[in-house]
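The values are calculated or read from the model by the stated rules, or taken from the named source; none is laboratory data. Remember, predicted model here, so these are calculated numbers, not experimental data. Cβ placement follows ideal geometry from the backbone for every residue including glycine, while neighbour counts extend to all protein chains displayed.
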Amino acid sequence: MRSTPIPHTDLTPSAICLGSSNFGNGIPPADAYALMDTYVTCGGNFIDTAAVYANWLPGEKNSSEKTIGRWLARSGQRARLVLATKGGHPDLATMHISRMSPPKIVDDVETSLRNLQTDWIDLYWLHRDDTARPVAEIIDTLHGQVVAGNIRYFACSNWRPERIAAAQAYAAQKGITGFVANQMRWSLAAINPAAVDDSTTVAMDDETYAYHKQSSLAAIPYSSQANGYFQKEAEKREVRPNQQKMYGNRENRARGARLKKLAGETGYSISQLVLGWLTNQPFPTIPIVGCRTVAQVEDSMTAGDVELTEAQVAWLAGGKGQIS
Ligand SMILES: NC(=O)c1ccc[n+]([C@@H]2O[C@H](COP(=O)([O-])OP(=O)(O)OC[C@H]3O[C@@H](n4cnc5c(N)ncnc54)[C@H](OP(=O)(O)O)[C@@H]3O)[C@@H](O)[C@H]2O)c1
């Protein structure tokens, strides 16, 4: 599998990143270990987690990070991995109360290091934004964690482009490295906006796409396979009600038809085209896949070397590069 270097860093992650949102409490530890073993066997080296993952399920607190930490301790894979985690997420019961103060961010970093059983985090994400806080304070706090050796680089998730631009301008003026990536909801599938139940999340839009294109900031999108919507439709398998609610629309039926046509012409599978649509964008883009089974990891990982032309990428989305 090819790698996709992240500009302004020495990180060379594989073209596909493995997500872990339900590891531990949702996907039992033994199954999560099998997913990670399969992922690295298929050539992957980039794992994405967050302090809050699986806290919405009954069981251990921070179970995704802790499950990954236990796997790292037994697999011996730590040194060859690009390990990414996130903090600064509100407590789930009080989503309206920000947790982005400097002491809370530092506390989250230290907790994640313990959960992951590691001395350093390669890529540290702010999971949300708090527009009431100046970007200077946020960047200074994260840079302090780089200087302390706790994190190597930092990035933002669910931030609007004007706030990203302000943060980058502040970092440039200080002569330090700012955000090296942005994580947003993005896939080939158009979203039904009314189905998004968390208003603190941010999806790719025209403005964000233009920002990435002019700045070459790496995009590392989540829900990159639209929860398997196109694969399930193509195989006439059941699309879960929440997936239908989010992605069931006329535009996606048209895109699904184009996917089938291009699959017939190129020999690529639907999964390969869905993920290849992202990895062939005009700025570095590394999709995060959220697989539930070993077979899904194997299938998704076959997309790592897909090559599509600019015209094929535009055609799949009906003439639009970005979406949604
Ligand atoms: N920064 C953020 O705010 C944020 C938010 C959400 C997620 N994330 C990160 O992004 C990761 C991925 O998000 P996601 O889980 O929404 O992504 P996704 O890959 O679009 O959706 C995962 C679902 O897609 C289906 N699937 C996976 N591989 C498949 C394949 N090869 N063929 C057919 N169906 C397949 C499975 O559905 P079934 O279970 O129905 O089979 C699986 O549960 C998360 O694990 C997390 O690390 C970040």
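Candidates in segment 26-43 are the residues that are in a loop (DSSP other than H, G, I, E, B) and more than 13 Å from the ligand (Cβ to nearest atom); of these, the one that is nearest to Met1 (Cα to Cα) is Gly43. What do you reckon, is Ala169 small (Gly, Ala, Ser), free of Cβ contacts under 8 Å to residues at least 40 places away in the same chain and either within 11 Å of the ligand (Cβ to nearest atom) or surrounded by fewer than 17 Cβ atoms within 10 Å (Cβ to Cβ) (or both)? So Ala169 fits the description; yes. Could we say that Gln243 is in a helix (DSSP H, G or I) and closer than 16 Å to Ile191 by Cβ here? In short, yes. I'm told Phe154 meets every condition in (1) away from the ligand (no atom under 11 Å from the Cβ); (2) touching a residue at least 40 places away in the same chain (Cβ under 8 Å); (3) part of a strand (DSSP E or B) except one. Can you identify the failing condition by its number? Going through the list (1) away from the ligand (no atom under 11 Å from the Cβ); (2) touching a residue at least 40 places away in the same chain (Cβ under 8 Å); (3) part of a strand (DSSP E or B), Phe154 breaks only (2). Would you check if Leu278 is at negative phi and outside any helix (DSSP H, G or I)? So Leu278 fails the test. The condition of being within 16 Å of the ligand (Cβ to nearest atom) and not basic (Lys, Arg) holds for Pro90. All conditions in (1) closer than 25 Å to Phe46 by Cβ; (2) surrounded by fewer than 14 Cβ atoms within 10 Å (Cβ to Cβ); (3) within 16 Å of the ligand (Cβ to nearest atom) hold for Asp119, with the sole exception of (3).
The sole residue among Arg255, Arg185 that is of a type in the set (D, E, K, R), within 17 Å of the chain's Cα centre (by Cα) and buried (at least 17 other Cβ atoms within 10 Å of the Cβ) is Arg185. Residues that are β-branched (Val, Ile, Thr) and either farther than 22 Å from Glu235 by Cα or within 8 Å of the ligand (Cβ to nearest atom) (or both) within segment 278-312 comprise Thr279, Thr285, Ile286, Ile288, Val289, Thr293, Val297, Thr309, listed in sequence order. Counting the residues of segment 261-277 that are more than 10 Å from the ligand (Cβ to nearest atom) and in contact with an Asp or Glu (Cβ under 9 Å, 6 or more places away or on another chain) gives 1. Condition check: within 12 Å of the ligand (Cβ to nearest atom), farther than 15 Å from Trp277 by Cβ and not hydroxyl-bearing (Ser, Thr, Tyr). Does Val202 satisfy that? Criteria met by Val202. Out of the residues in segment 79-111 meeting the condition of being among the hydroxyl-bearing types (Ser, Thr, Tyr) and touching a Lys or Arg at 6+ places or on another chain (Cβ under 8 Å), tell me which one is surrounded by the fewest Cβ atoms within 10 Å (Cβ to Cβ). Here the residue is Ser101. Considering (1) in contact with an Asp or Glu (Cβ under 6 Å, 6 or more places away or on another chain); (2) under 26 Å from Ile6 (Cβ atoms), the lone condition that Gly256 does not fulfil carries the number (2). Within segment 33-47, residues that are within 15 Å of Ile286 (Cα to Cα) have Cβ atoms under 8 Å from residues that are modelled with pLDDT under 95 in these pairs: Gly43/Met1; Gly44/Met1, counting only partners at least 6 apart in sequence or on another chain. All conditions but one from (1) within 16 Å of the ligand (Cβ to nearest atom); (2) more than 16 Å from Gly19 (Cα to Cα) apply to Ser101; the one that does not is (1). Filtering segment 1-17 to residues that are within 12 Å of the ligand (Cβ to nearest atom) and out of contact with any Gly (no Cβ under 6 Å at 6 or more places or on another chain) leaves only Cys17.
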